[in-house]
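Beneath this line is the structure, given in structure tokens, with notes to follow.
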Ligand code: G
Ligand code: MN
């Protein structure tokens, strides 16, 4: 069976016309239900679904205009074509007011009726598409609702935010050189630091997060072992926050014991007056490190504008370095260049004795990684016990 082009409710109190319109519409492929007054029309419309109502205006009991009104109360997407024998301005106006798509006058041409109905069916389809689109937009609203959930979760993350630390060790002296502060929160919905940071990015609350992190770090500074530095990660946007370089911030009081890490993963070129900002930080005693060296697309430009005291080699360059000649060459050139430039090098993400010993052989002396200690409550013990492997 060929699927009907659409479901039509046809109402006219003249039986002859009802039959002939009905035959015409069925012949054109529509599924047609016929009633001979408005009351029946309303009844049927409430029980079944129709795409288009074609109705005579003047009918005993309940006329076409009333039917039109009830139809639209019930289904605002349904389309109505009205037909009248005695057109009047008044009914025409009311027909438009109640949302009739067409207002036809008898006697009807075949083409006129078919054209009006086919157009009404198209409009019905269009209405359906628009409704579907609106539902999709509502899903966007759901995302915004989620955003308010995200807002709440982010608030709780800030309230429960604390700093884990991971030791950075000096191999030649077998001492702890410093600790990197790593963000943690008690909010389960934002269970890792990456999620907290991306929530802050989405909510435009990075500044708040950066300030909170630095305040929490400052609170641990009193317990920082003598002679050790605290390494603190910055988001590039933190560089634009005057709180960072304010003498009044809690962390500034400890500036000489803090190394600020600037990642190579993002460019700092867009930050206005970046050199002056870095200079202001140095005046407070902060030292600067390039983080994730080798991982970023920022290339060498961050290197030249930061003039770092320390570079931290990305763990991607360290992973399996004992098996990669390429990685070994890069790290060897880096350590020798940094020695010339008086820059300290930290090899990050050391997990195995082989990685450690290869890095030592290539000129590295500062290490961070699970081999020595995982991040934990300040300030975790270092495992020195493993003997150097025989190379
Ligand atoms: O980007 P940055 O270097 O600041 O990130 C340090 C991250 O690396 C922290 O999340 C820390 O937990 C993780 N990390 C530290 N040591 C190791 C390690 O030995 N192996 C791996 N896979 N991750 C590490
Ligand atoms: Mn880091």
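Every read-out reported here was derived from the displayed coordinates using simple, explicitly stated rules and does not represent laboratory data. Because the structure is a prediction, the values reported are computed rather than measured. Here Cβ is always computed from backbone atoms with ideal geometry, including for glycine, and neighbour counts include all displayed protein chains.
Results, tabulated for the structure shown:
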| read-out | value |
| --- | --- |
| Kirkwood Rh in Å, taken over all unlike Cα pairs in the range 156-303 | 15.9 Å |
| Ordering of 118-129, 249-260 by burial proxy (mean other Cβ atoms within 10 Å per residue, highest first) | 249-260, 118-129 |
| Length gained when the stretch residue 31-residue 248 is fully extended (0.36 nm per residue, less Cα-Cα span) | 70.2 nm |
| Convex hull per residue volume in Å³, alpha carbons only, for the range 19-111 | 95 Å³ |
| 160, 91 arranged by Cβ crowding within 10 Å, fewest neighbours leading | 160, 91 |
| Residue-averaged 222 nm ellipticity for the chain, from DSSP H runs of 4+ at -39500 (n - 2.57), nearest 500 | -13500 deg cm²/dmol |
| Approximate spin-label separation residue 384-residue 92, in nm, with each point projected 7 Å along Cα-to-Cβ | 10.1 nm |
| Computed E for residue 198/residue 76 - FRET, C-beta separation, R0 45 angstrom, nearest 0.05 | 0.65 |
| Rule-of-thumb Rg ratio for the range 216-346 [Cα; 2.2 N^0.38 Å; N residues] | 1.10 |
| Taking the C-alpha atoms of the range 1-50, convex hull volume expressed per residue in Å³ | 60 Å³ |
| Considering only the chain, percent of DSSP beta bridges that pair antiparallel, nearest 5 | 25 percent |
| Alpha-carbon gyration tensor eigenvalues x 5, square-rooted, for the chain, Å | 79, 23, 19 |
| Peptide ranges 58-65, 305-312, 332-339 listed from the most packed, as the mean C-beta count within 10 angstrom indicates | 305-312, 58-65, 332-339 |
| Estimated FRET transfer efficiency when R0 is 56 angstrom, pair residue 271-residue 128 (beta carbons, to 0.05) | 0.65 |
| Beta bridge orientation in the range 166-254: antiparallel %, DSSP, nearest 5 | 55 percent |
| Rounded if a/c under 1.5, otherwise prolate or oblate - the range 181-258, Cα gyration tensor axes | oblate |
| Directionally averaged shadow of the range 89-132, computed from the convex hull of its alpha-carbon atoms, nm² | 3.5 nm² |
| Whole-Å distance, taken between Cα centres, linking the range 164-210 and the range 332-389 | 19 Å |
| Cα gyration tensor, the range 31-85 - rounded (a/c under 1.5), prolate or oblate | rounded |
| Relative packing of peptides 213-220, 5-12 - highest average C-beta neighbours within 10 Å first | 5-12, 213-220 |
